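Right, one structure below, let's go through it.
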Amino acid sequence: MKVIKHADASAQGAGYSESIRLREDDGALKKRMQNRPTGFGNPWLQLALSVACVLVSEFLLKRGATEVADTGSAWSWTGLNGLASPLVWWAILLIIASFVSWLYVLRYIPITIAFPLSRVVDILVPLGCWIFLGELISPLRWCGIALVVIGLTLVAKPLAQFEERL
């Protein structure tokens, strides 16, 4: 981003300067988004892959920790006995894959867009636990999930409009 210097900052309104800076940011973002890879290298696909890896890893961690839970062990309070489960190791591999995918995403999508969209995992994990693990979701958590959905909508709508202009 270029820094714009004005000879007389008081003569130029702060809004005018901010407006020019935002237009330059928009242009840089537009250029970066137009030059993004397609296919498996598509950053939106990689973002979805990162979220999916986190989602599955959470389920594997839950199953793995539950299957080796031994409250009688002296080290049970640390959770280290969970490392005895192969499911936990698969989860660790998925977390690493998610991290690599996330680093790739950040090369093409601004973090102010990518991070809020990645929080869809905060909706998917509780819903998946409710559907697949039979865990209950309290009314307060349902309200929290609704707020996350509203937040994602607020982030995704301008992004969709931006993508349409490309």
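Return the total of residues in region 46-94 being at pLDDT below 90, assigned to a helix (DSSP H, G or I) and surrounded by fewer than 16 Cβ atoms within 10 Å (Cβ to Cβ).
Going through region 46-94 one residue at a time, the tally reaches 8.
Quick one: would you say Ile150 is assigned to a helix (DSSP H, G or I), open to solvent by 80 Å² or more (accessible area, probe 1.4 Å) and not hydroxyl-bearing (Ser, Thr, Tyr)? Break it down stepwise before answering.
On the way: assigned to a helix (DSSP H, G or I): yes; open to solvent by 80 Å² or more (accessible area, probe 1.4 Å): yes; not hydroxyl-bearing (Ser, Thr, Tyr): yes.
Taking the combined requirement at face value, the residue satisfies it.
Just the residues that are under 15 Å from Phe59 (Cβ atoms) and either in contact (Cβ under 8 Å) with a residue 24 or more places away in the chain or within 19 Å of the chain's Cα centre (by Cα) (or both), please, taken from region 119-162. Spell out how you get there, then give the answer.
Residues of region 119-162 that are under 15 Å from Phe59 (Cβ atoms), as a first pass: 121-135.
Within region 119-162, Val121, Asp122, Ile123, Leu124, Val125, Pro126, Leu127, Gly128, Cys129, Phe132, Leu133 meet the criteria.
The values are calculated or read from the model by the stated rules, or taken from the named source; none is laboratory data. What you see is a predicted model, and the numbers here were worked out from it, not measured in a lab. Using ideal geometry, Cβ is built from the backbone for each residue, glycine included, and neighbour counts are taken over all protein chains shown. Please note that ligands, DNA and RNA were not included when accessible areas were found on the heavy atoms of the full protein model with its side chains. Shrake-Rupley method; radii C 1.70, N 1.55, O 1.52, S 1.80 Å.
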